[in-house]
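Just below is one structure, and these are the notes that go with it.
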Amino acid sequence: MDYVFVPGAWHGGWAWHPVARRIAGAGHRAVALTMPGMSAGDDPREVRLADAVAYLVAEVERRDLTDVVLVGHSWGGIPIAGAARRLGERLGAVAMVSAFVPRAGESMADAMGPEVGAYLRATIEASANFAFELDFAAFRESLMQDEPEQVQRLVHELLVPQPGGYMLDALGEVGLAGLDVPMTYLLAERDQALARPGAELAARLGVEPVLVPGTHEAIITHADDVAKALLAQPER
């Protein structure tokens, strides 16, 4: 199978490298993508959610990947929801890891609730680069709590501003319902960054969550557990 990994907000494909290395070691092809606007030095002002969806589809087609397992972390669940149906017969499975599973018309800001959503929108619209930067305190307390501070600071230094379009745009249609492929939802046991309970998000895929150790950044700190859980899921 060909595994395609989509990172969460502020992250690039680098965040998936520990898991991807283990998936490749099990004999599968593993591709960790960095979305447009998410590399150091990119200008995030003109990047929209539709660009991320189109890029994901284009990369699968350009690389001629087949029997594709789309794996999304956090925000990465949103472009996957937009791209899955467009991949047609290339799609083999969908796996979310502590990820947003959006409803049609629901942006990431919307999913975070009215108060946080309003704060995100105001901050992005007031920023010079139409993006949202995550400060260290918020990162440490919400995404990687209880991990050693040295590790927290190292990961935080790798983050880039999240394009505002990625957080404020919504999918007009969510292409997950009715797909005849296996669906998986892995939930980090100590995740406290999701706006909705993991069981509720998993239910949108029609599955129960599979627990893995770690915080929201389990794909980095508990790569063995995440990779084993992904490899244990049923194939089509």
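Counting only helices (runs of 4 or more DSSP H) that fall entirely inside segment 70-130 and contain at least 2 residues that are open to solvent by 50 Å² or more (accessible area, probe 1.4 Å) and among the aliphatic types (A, V, I, L, M), the qualifying elements are 114-126.
Scanning segment 32-56 for residues that are of a type in the set (D, E, K, R) and modelled with pLDDT of 95 or more, we see that the one that is least open to solvent (accessible area, probe 1.4 Å) is Asp51.
Is there a residue in segment 27-49 that is more than 17 Å from Val97 (Cβ to Cβ), in a helix (DSSP H, G or I) and not small (Gly, Ala, Ser)? Yes, some residue in segment 27-49 is more than 17 Å from Val97 (Cβ to Cβ), in a helix (DSSP H, G or I) and not small (Gly, Ala, Ser). Looking at segment 188-236, the helices (runs of 4 or more DSSP H) lying wholly inside it that each contain 3 or more residues that are closer than 18 Å to Val69 by Cβ and either without any contact (Cβ under 8 Å) to a residue 24 or more places away in the chain or open to solvent by less than 40 Å² (accessible area, probe 1.4 Å) (or both) sit at 223-232. In segment 131-161, the qualifying residues are those that are assigned to a helix (DSSP H, G or I) and in contact with a Lys or Arg (Cβ under 9 Å, 6 or more places away or on another chain), and the one that is nearest to Leu194 (Cα to Cα) is Arg140. With respect to the stated conditions, Arg140 is open to solvent by 40 Å² or more (accessible area, probe 1.4 Å), under 20 Å from Trp10 (Cβ atoms) and either basic (Lys, Arg) or modelled with pLDDT of 95 or more (or both). Whenever a residue of segment 132-154 is among the polar types (S, T, N, Q), its partners that are part of a helix (DSSP H, G or I), lying with C-beta atoms within less than 6 angstrom and at least six residues away or across chains, give the pairs Gln152/Arg140.
The values are calculated or read from the model by the stated rules, or taken from the named source; none is laboratory data. The model shown is predicted, which means the values in this text are computed figures rather than measured ones. Cβ atoms come from the backbone with ideal geometry, glycine included; neighbour counts cover every protein chain shown. All accessible areas refer to the heavy atoms of the entire protein, side chains included, with ligands and DNA or RNA removed. Shrake-Rupley method; radii C 1.70, N 1.55, O 1.52, S 1.80 Å.
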